[in-house]
Structure formats: C-alpha cells, structure tokens
Amino acid sequence: MTSKQPSAQPDLPTGEQLYETLRAAVQALIAPLDHKSVHLVGIHSGGAWLAQRLHQDLGLLGTCGLLDISFYRDDFDRIGLHTQVMPTQIDFQVEGQHLILVDDVLYTGRTIRAAMNELFDHGRPASIKLVVLIDRGGRQLPIDADFAALTVDLPKTDNFVLQKTEAGALSLHLENGDA
C-alpha cells in the first residue's frame, strides 16, 4: 500500500495566484458575450468551488450551475459510486446559453466528457467553453481546455489537491503516490 505524501514543489504557484489568473481569463472569455446568456457550471468539488467564487467575483446574473458527474462516468461499473455524491444543480435553462464549464484539474478528459453528457441532458447550449485551474497532461480523450491557469506534465503517480478554507481561500499541494 502506497501512502500519499505532499511533494515539495517550490516553484508551484499558490491556489490563490492560479485563481486570479483564471478569473482574468474567464472575464475576458465572457466579455464579448451577452451576460444574460452566460452561465458558469462547476464540477464537484474543486470546479464547483471555483465556479461559485468566479460567479460572485465577476458579478454574474442568476445562479451558478453545479454538476456531480458520478452517474455519467464511463468507469462507474468498475469503480462504483463515489462515497460523497453531491446533487447536480442547474437552475437555469441550458438551451441556447453560453456555458463556461469549470474544473480544478484536467487530466484524462473523461470527467469533462461526462460533464458534457450531463449538460446535454438539460438542453443544447449555444456553446461550452472549458476553463481549468491546472492542465496536468495525460489525456485519453481529445479534450482540451479553452484556458488553463497552469499547464504542467505530471507522472501518473502524482496528483494535485485543491483545498478550500472556511473563509473561501484556495490552497494547492502536490501529492506524490510513490512515497
């Protein structure tokens, strides 16, 4: 059994630094769009945290969408249901809207595929843009982010972990599964 140890990464930006980069990029992405037709949708849990904070900081109208893609995963039959299933909340009409899909880490692309499948169950959006805090490489599907605050190649054994304090501050650390 391997234990996951935090890995020293002195040149890794902080979660807050990456968030500010992401916020500026999302602001630029939505600037040319009719703000009444723009909705942020975050993938539980890290993407949901990011989307909720972006929604507030950018002063967007309406509500922020939250997705739990547990039932849409293509490995559901292999790994079973996640122990902390969160409800999906889409309290706006998806049809014809511009959606900004938000996640913390883009890896294989399978989570994003599942998220898009779930979104299309709610309607046909005008567009979907993907923004992520970190693109760690290792894609298994032809999915790329429209914007990533940080792009880095990681070994399969390493994982980024995003955490949120009670005050809403974001912290980021790298876990090494080899240790």
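The values are calculated or read from the model by the stated rules, or taken from the named source; none is laboratory data. Quick caveat: nothing in here was measured; it's all calculated off a predicted structure. We place every Cβ from the backbone using ideal geometry, glycine too, and count neighbours over all the protein chains shown.
Just a few scattered comments:
- Each residue in segment 153-168 was checked for being more than 12 Å from Leu18 (Cα to Cα) and either in a strand (DSSP E or B) or modelled with pLDDT of 95 or more (or both), and 6 pass.
- Leading residue by the ranking (modelled with the highest pLDDT) among those in segment 10-33 that are more than 17 Å from the chain's Cα centre (by Cα) and within 20 Å of Thr165 (Cβ to Cβ): Pro13
- Residues located in segment 90-108, provided they are assigned to a loop (DSSP other than H, G, I, E, B) and either under 22 Å from Val152 (Cβ atoms) or in contact with a Pro (Cβ under 9 Å, 6 or more places away or on another chain) (or both): Val94, Glu95, Gly96, Gln97, Tyr107, Thr108
- Any hit, segment 112-122, residues being in a loop (DSSP other than H, G, I, E, B) and either touching a residue at least 24 places away in the same chain (Cβ under 8 Å) or surrounded by 15 or more Cβ atoms within 10 Å (Cβ to Cβ) (or both): yes
- Checking each residue in segment 167-177 for being exposed (fewer than 13 other Cβ atoms within 10 Å of the Cβ) and more than 19 Å from Ile43 (Cα to Cα) picks out only Ala167.
One line per residue, one yes/no per condition, for (1) more than 12 Å from the chain's Cα centre (by Cα); (2) surrounded by 15 or more Cβ atoms within 10 Å (Cβ to Cβ); (3) modelled with pLDDT under 95:
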{"position": "His35", "(1), (2), (3)": "yes, no, yes"}
{"position": "Cys64", "(1), (2), (3)": "yes, yes, no"}
{"position": "Gly80", "(1), (2), (3)": "yes, no, yes"}
{"position": "Thr88", "(1), (2), (3)": "yes, yes, yes"}
{"position": "Ser127", "(1), (2), (3)": "yes, no, no"}
{"position": "Ala145", "(1), (2), (3)": "no, yes, no"}
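- Segment 132-152, residues that are in contact with a helix residue (DSSP H, G or I) (Cβ under 9 Å, 6 or more places away or on another chain) and either small (Gly, Ala, Ser) or assigned to a strand (DSSP E or B) (or both): Val132, Leu133, Ile134, Ala145, Phe147, Ala148, Ala149, Leu150
- Just one of the numbered conditions (1) modelled with pLDDT under 95; (2) surrounded by fewer than 18 Cβ atoms within 10 Å (Cβ to Cβ); (3) not hydroxyl-bearing (Ser, Thr, Tyr) is not true of Glu95: (1).
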